[in-house]
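Below you'll find the structure, written out as structure tokens, and then a few comments.
The values are calculated or read from the model by the stated rules, or taken from the named source; none is laboratory data. Source: prediction; values computed, not measured. Positions of Cβ are generated from backbone atoms using ideal geometry, with glycine treated the same way; all protein chains shown enter the neighbour counts. When the accessible area is computed, the model is the full protein with side chains, heavy atoms only, and any ligands, DNA or RNA have been set aside. Shrake-Rupley method; radii C 1.70, N 1.55, O 1.52, S 1.80 Å.
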Amino acid sequence: MTDPRIRQLVIKSGVVRRLTREKYCYAKEVLTEQARLEKLRGDGADDHVLRKQEEVIQECIMMVPDSKRRLQKEYEVLEKYLADEQDLIETDSYKKAAEILKDAKAELET
Amino acid sequence: MREIVTLQIGGAGNAIGDSFWHVISHEHGVDYASGRFGGTSPLQLERINVFFNATASKRFYARTILIDTEASTIQRLNASSQLYRPENFVAGSESAGNNFARGYHTDGAAILDQVLENTRREVESVDSLQGFQLLHSIGGGTGSGLTSLIMEALVEQYPDNLLCNYVTIPSPNMSQVVVEPYNALLSTPALVNNSHLTFCLDNEALFQICNRNLKLKMSGYEHINHIVALTMSGITTCLRFPGQLNAGLRKIYVNMVPFPRLHFLIPGFAPLVTCKQQQFSKGTVSELVQQIFYSNNLLCAIDLRKGKLLTAAGIFRGRMSPREVDQLMTGVRNKNINNFVDWIPNNIKTAICDIPPRGLKMSATFIGNTTAIQTLFQRLLDASMSMLRRKAHLHWYTGEGMEEQEFQDAQQELQAIIDDYRSSAEGEDSGGGGGGGGGRSGSAESGEEEATPEAHCQYCTE
């Protein structure tokens, strides 16, 4: 990568791609842990174990808005960067970044 | 999902890395020599992907990059196990010679591009990266200098991911090299500014553990590396097995680090006994809880009572009653309430995993963020200060292009982190380096409201 602007583009789009995945994973983790709680309840688990699992769920829930906020911030950084560097529009990196931005937007809306 | 990439750097980093992979491959039922799964429980495979890559034929590789400025140490690892991918060995042609400057500026810099290329390949092959785990000492040239360089690059290229360092800290009792204090000093800025979680593995404490607890007459690095690996196995338990608190690096970060600069964590492990001694121990949960708060069981030569715990966590393994564990942990906190800061409520976490470590029925791992860490930093500062005052051995560094000012800057950084921890013990102007605010003593509710936003704000600002 000879052009430092392309290098920055690859870095920024990589960040957004990973944060998109992260936000998705945290949301999915909440569902997984809630399902685990239902199973524990069905199995007649001790009250203490149920409370502990509630704690686990609260921790997972806590991570979702934090992750979303970080994604939103980096989404805006990348969006602005793409707008500022229009002359790179024909490059593979730019097209890939635009795709990543679209996926991120979809994840932010969930 | 939620994978971690490991980088093991320098002689010490590769030694403790190898011990770590020994321990956790066994826990997951993977044969260390061949990488083949021979386990019996589906739990062993459920989150094995956090640390291992898999092939279609159920063969596993450690997701790690083995890095040294000279080839001989890591070549031995290449020969001993198929757990390591051959292409993930990155070796230079000349040793950093126990010199931070050569690790950072010359011999280390020569292999930086290759390290980053290997890292990029691993990052792009995972589903959802949660961070990097760096294993290194700060006494040697490669572990101090090259790691600082790598951290700067990782923070620039992967600013969304967490850096978790397991740092071996030099000790005068085990030192063979007179300039170790300089290397440790020069490592400080990178650890303070670029790491998110730094676990301090103090050779001074490890030396004492081998002599006092384990009664080993000639303790060598193999014993120390095994204790470190057991402890790292405990710390990473919640990342590798399902269903417990802190099941991710970021959650550990959020819970353990109230202010971004105060991220130096002290691990401990119980029981620290030989096989013989274990016969005389009842092995009760109560014993484990008491032991993990003993200074003798910490992997850092500090006394918890000389500071205040900002946050703490206990990770218990084996068959035990969750109710009993929580009651005992709460009891310890209540009995020692003066050793905890009062402006962070609920600052102790507990996790339990049914799977015990190899050779034990029960164990507990401690993680503490304590203001007593000042003791360790002061030791490092004093050791470097006495030499620097007379400019002893400085020419080895200036001869590689460094300037004296860099040593003074590093000393200021080390002094600043000492001051930050000291002030947080007092509960006022905590987390110095932040933009004002911070927790205040007295109101628990106020502390809770102010502490959390501060942590997030600092992260955004960084």
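With an 8 Å Cα cut-off and a minimum separation of 6 or more residues, compute the relative contact order for the range B:285-401 in percent. Could you put the intermediate results ahead of the total?
Values: 146 pairs, mean separation 43.2, N = 117.
Rounded, it is 37 percent for the range B:285-401.
Could you check the simple spin-label distance between B:Glu403 and B:Leu216, using points 7 Å along Cα→Cβ, in nm with one decimal?
With each label point 7 Å from Cα toward Cβ, the separation is 4.4 nm.
How many Cβ atoms of partner chains, on average, are near each residue of A:13-26 if near means within 10 Å of its Cβ? If you can, show how the numbers build up before the last one.
Working: counts 0, 9, 5, 1, 4, 8, 3, 1, 7, 9, 1, 2, 6, 5.
Neighbouring Cβ atoms belonging to other protein chains average 4 per residue here.
With the dipole of chain B worked out from charges on the C-beta (+1 for Lys and Arg, -1 for Asp and Glu) around the Cα centre, which of B:Leu381, B:Pro159, B:Gly10 lies farthest toward the positive end?
So the residue furthest toward the plus end is B:Gly10.
Per residue, how much accessible area does the protein assembly as shown have with a 1.4 Å probe, in Å²? Each step should come with its number before you reach the end.
Numbers: 23770 Å² over 572 residues.
Normalised by residue count, the accessible surface of the protein assembly as shown is 42 Å².
For peptide A:66-74, what's the mean number of Cβ atoms from other chains within 10 Å of each residue's Cβ? Intermediate values should be presented prior to the final figure.
Numbers: counts 5, 1, 0, 2, 5, 1, 0, 2, 2.
What the average comes to for A:66-74 is 2.
Given Cα positions, please report Rg to Rh for the range B:375-426, the hydrodynamic radius being the Kirkwood one. Working shown, then result.
Working: Rg = 12.9 Å, Rh = 12.0 Å.
Taking Rg over the Kirkwood Rh, I get 1.07.
Quick one: plug the Kirkwood hydrodynamic radius of the protein assembly as shown (C-alpha pairs) into Stokes-Einstein at 20 °C, 1.002 mPa s, and report D in µm²/s.
Details: Rh = 24.5 Å.
After rounding, the answer is 88 µm²/s.
Mind putting together the pair-distance distribution for chain A? All Cα pairs, 10 Å bins, whole percent per bin, short to long.
Reading upward from the zero bin: 14, 34, 22, 15, 10, 5, 0.
Give the ranking of B:Trp21, B:Trp396 by solvent-accessible surface, highest area first, calculated with a 1.4 Å probe. The partial results should precede the final answer.
Details: B:Trp21 0, B:Trp396 145 Å².
Largest accessible area first, the residues go B:Trp396, B:Trp21.
In Å, what Kirkwood hydrodynamic radius results for the range B:1-144 from the alpha-carbon pair distances?
Details: mean 1/r = 0.0648 Å⁻¹.
This gives a value of 15.4 Å.
What is the calculated FRET efficiency for A:Gln58 to B:Arg323, with r their C-beta to C-beta distance and R₀ = 22 Å, to the nearest 0.05?
0.70
Place the peptides B:40-50, B:87-97, B:298-308 in order of packing, highest mean first, counting for every residue the other Cβ atoms within 10 Å and averaging per peptide. Provide the component values of the computation, followed by the final result.
Values: B:40-50: 15.9, B:87-97: 18.5, B:298-308: 20.6.
Peptide ranking by packing, descending: B:298-308, B:87-97, B:40-50.
Each label point is 7 Å from the Cα along the Cα-to-Cβ direction; what then is the distance between the points at A:Asp43 and B:Glu287, in nm?
The two pseudo-label positions are separated by 2.8 nm.
Once each part is reduced to its C-alpha centroid, what is the distance from the range B:28-93 to the range B:184-221 in angstrom?
About 25 Å separates the Cα centre of the range B:28-93 from the one of the range B:184-221.
With contacts defined as alpha carbon pairs under 8 Å and 6 or more residues apart, what's the relative contact order of chain B in percent? Present the calculation step by step, with values, prior to reporting the outcome.
Values: 919 pairs, mean separation 67.7, N = 462.
Across chain B, relative contact order equals 15 percent.
Within straight cross-link reach of A:Lys73, meaning Cα distance under 18 Å, which aspartates and glutamates are found once same-chain residues fewer than 8 apart are removed?
Partners within reach: A:Glu22, A:Asp84, A:Glu99, A:Asp103, A:Glu107, A:Glu109, B:Glu156, B:Asp160, B:Glu454, B:Glu462.
Among B:359-367, A:89-97, what's the highest-first ranking by average C-beta atoms within 10 angstrom per residue?
Ranked by mean Cβ neighbours within 10 Å, highest first: B:359-367, A:89-97.
Where nothing but the Cβ of Lys and Arg (+1) and of Asp and Glu (-1) is charged, how large is the charge dipole of the protein assembly as shown around its Cα centre, in debye to the nearest 20?
Details: 59 positive and 70 negative charges, 431 e Å.
Result for the protein assembly as shown is approximately 2060 debye, rounded to the nearest 20.
For every other residue with a beta carbon closer than 15 angstrom to the beta carbon of B:Leu83, add +1 if it is Lys or Arg and -1 if Asp or Glu, then tell me the sum. Intermediate results must be reported in sequence, preceding the final value.
Values: positive: B:Arg36, B:Lys58, B:Arg59, B:Arg63, B:Arg76, B:Arg85; negative: B:Asp18, B:Glu27, B:Asp31, B:Glu87, B:Glu122.
Net charge in that neighbourhood comes out at +1.
Ranked highest first by the average count of other Cβ atoms within 10 Å around their residues, in what order do A:31-39, A:57-65 fall?
Details: A:31-39: 13.9, A:57-65: 16.4.
Most protected by this proxy first, the peptides run A:57-65, A:31-39.
Could you work out [θ]222 nm for chain B from helices alone, using -39500 (n - 2.57) per DSSP H run of at least four and dividing by all its residues? Round to the nearest 500 deg cm²/dmol.
Numbers: 18 runs with 201 residues, N = 462.
Using -39500 (n - 2.57) per qualifying helix, the result is -13000 deg cm²/dmol.
Two decimals is fine: what's Rg over Rh for the range B:3-374, C-alpha atoms, Kirkwood radius as Rh? Numbers along the way, then the final one.
On the way: Rg = 19.5 Å, Rh = 20.7 Å.
When Rh is taken as the Kirkwood radius, the ratio is 0.94.
Taking the Cα centre of the range B:39-145 as origin, work out the dipole magnitude from +1 charges on Lys and Arg Cβ and -1 charges on Asp and Glu Cβ, in debye rounded to 20. Walk me through the numbers before you get to the answer.
Numbers: 9 positive and 11 negative charges, 78 e Å.
Dipole about the Cα centre, nearest 20: 380 debye.
Roughly speaking, what is the centre-to-centre gap between the range B:97-121 and the range B:137-164 when only Cα atoms are used, to the nearest Å?
Cα centres, the range B:97-121 to the range B:137-164: 10 Å.
Just tell me how shielded A:54-63 is by partners: mean number of partner chain Cβ atoms within 10 Å of each residue's Cβ, no decimals. Each step should come with its number before you reach the end.
Numbers: counts 0, 4, 7, 0, 1, 9, 3, 0, 4, 4.
Taking all residues of A:54-63 together, the mean is 3.
Pop a pseudo-label 7 angstrom from the Cα along the beta-carbon direction at both A:Asp92 and B:His226 and give the gap in nm to one decimal.
5.0
Under the definition of Cα pairs under 8 Å and six or more residues apart, what whole-number percent is the relative contact order of the range A:4-109? Write out the running numbers ahead of the final one.
On the way: 74 pairs, mean separation 50.0, N = 106.
Relative contact order comes out at 47 percent.
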